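Okay, structure first, notes after.
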Amino acid sequence: MKSLNKFLVALAFLGTLPALSYGQQYTAVETAEIGVRDLLSTVQESRGLFLTDRDGYFGAIEEVLNSIVDFNAVAVVVMNRYAESASDAQKDRFAAILRATLTRFYGALLGFL
């Protein structure tokens, strides 16, 4: 669980980096902490959906993640040198697949805790 928390904080922190230049109300660390708290709260509130309505469960988790993680920015970092030659459509598709994969994988893990 501790490793998962560290990963979620790192993912949330990475996702907030592009927003730092806008002079947000919170620091990046505060934003990540709030995001992780919101995520864990959503998991607790939606836990009953995990076995009965998986789409609803994962939708709730994805909504929280979208509020704290810029998946397009994360996708560019993950794509690394390939991002420069990728079209916008390819980057968007990669970001969507990354978002869905991370939401389903870690959402399922959190659903069992």
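Derivation of every value follows stated rules applied to the coordinates shown; laboratory data play no part. Since this is a predicted model, take the numbers as computed values, not measurements. Cβ: placed from backbone, ideal geometry, glycine included. Neighbour counts: every protein chain shown.
Counting other Cβ atoms within 10 Å, which trypsin sites (Lys or Arg not before Pro) in the stretch 25-113 have at most 16 and lie in a DSSP loop? Kindly include the intermediate steps, with their values, before the conclusion.
On the way: sites: ARG37, ARG47, ARG54, ARG81, LYS91, ARG93, ARG99, ARG104; in loops: ARG47.
Listed in order of number, the matching sites are ARG47.
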Sparsely packed GluC sites (Glu not before Pro) within the stretch 45-113, loop by DSSP, other Cβ within 10 Å at most 16:
GLU84
